[in-house]
Amino acid sequence: MSKKVLLIHGWGGSQTPHWQAWLASELALDYGKVSFLKFSDIENPKLDVWMQELQEELKDFQPDIVICHSLANTLWFHLCNKGTLSQIEKLYLVAPPSMKCNVEELKEFFPVKTPTNLYAKKACLVSSTNDPYIKISEAQRLQKELKIEMKILHNAGHINSDSGFGKWMWILEEVQKG
């Protein structure tokens, strides 16, 4: 696979056994070009710091495919709304939190406006029927507003290691399609 894949974690990171860590290692095993960005303070995210770090990584790595998990989706939306992104081929928005999330430690990220441009030729929102950070009805509304594909996982929680997502073949196969 010759596509460059950027993985962006959410609050607290996505270290092993999280599916993002697994995916990064699987792609690297096949000599894939992968960047698994780790923000400077994963436990105490600051919007301006994370935005700057992500913008630097986007400029340096120039990915074809971006895969966001949790708070990374919100971060991507903020950058979309600034209008400073370059177009990518594919974007995966996995387990986005509510656009009005009220977790105290994340308050500067919310609310966020739904972007009118995701800066991706193709995008897919992946959500769960029982994600504690967003109701499925809100995820479906978001998908309609964004006018993108959607994959709904049943009873998959926040689609992280706590809900059994370490090895996740679907996302690997999606990325390998190119």
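I need the shape label for the range 1-58. Rule: rounded when a/c is under 1.5, else prolate if a/b > b/c, else oblate, with a, b, c from the alpha carbon gyration tensor. Oblate. Which helices of the chain meet both criteria: a Cα extent of 18 Å or more along the helical axis and a mean Kyte-Doolittle score no lower than -1.0, with helices taken as whole DSSP H segments? Helices passing the filter in the chain: 47-61. Among rounded, prolate and oblate, which fits the range 80-178 when a ≥ b ≥ c are the square roots of the eigenvalues of its C-alpha gyration tensor, a/c under 1.5 means rounded, and a/b larger than b/c means prolate? Here the range 80-178 falls in the oblate category. Two numbers describe the Cα atoms of the range 137-178: Rg and Dmax, which are 12.4, 30 Å.
Calculated mean residue ellipticity at 222 nm for the chain: -10000 deg cm²/dmol, from DSSP H runs with n ≥ 4 weighted as -39500 (n - 2.57), summed, divided by the residue count and rounded to 500.
Computed from backbone phi, the HN-Hα couplings of the range 89-99 come to 7, 9, 9, 10, 9, 9, 6, x, x, 3, 5 Hz, rounded to whole numbers (Karplus: 6.51 cos²θ - 1.76 cosθ + 1.60, θ = phi - 60°; Gly and Pro given as x).
Diffusion coefficient (Stokes-Einstein, Kirkwood radius over C-alpha pairs, 10 °C, 1.306 mPa s) for the chain: 99 µm²/s, rounded to a whole number.
Excluding same-chain neighbours fewer than eight residues apart, the lysines reachable from K90 by a Cα-Cα span under 20 Å are K3, K4, K33, K59, K82, K121, K122, K144, K147, K151, K177.
Each other residue within a Cβ distance under 9 Å of L37 adds +1 if Lys or Arg and -1 if Asp or Glu, for a net charge of -1. Of the residues Y92, W170, L146, the one whose Cα sits farthest towards the positive end of the charge dipole of the range 4-177 is L146 (charges of +1 on Lys and Arg Cβ, -1 on Asp and Glu Cβ, taken about the Cα centre).
Taken together, the values in this text are just the output of simple stated rules run on the coordinates, not laboratory data. Fair warning: this is a prediction, and the values are worked out from it, not measured in the lab. No Cβ is skipped: glycine too gets one built from the backbone with ideal geometry, and neighbour counts run over all protein chains shown.
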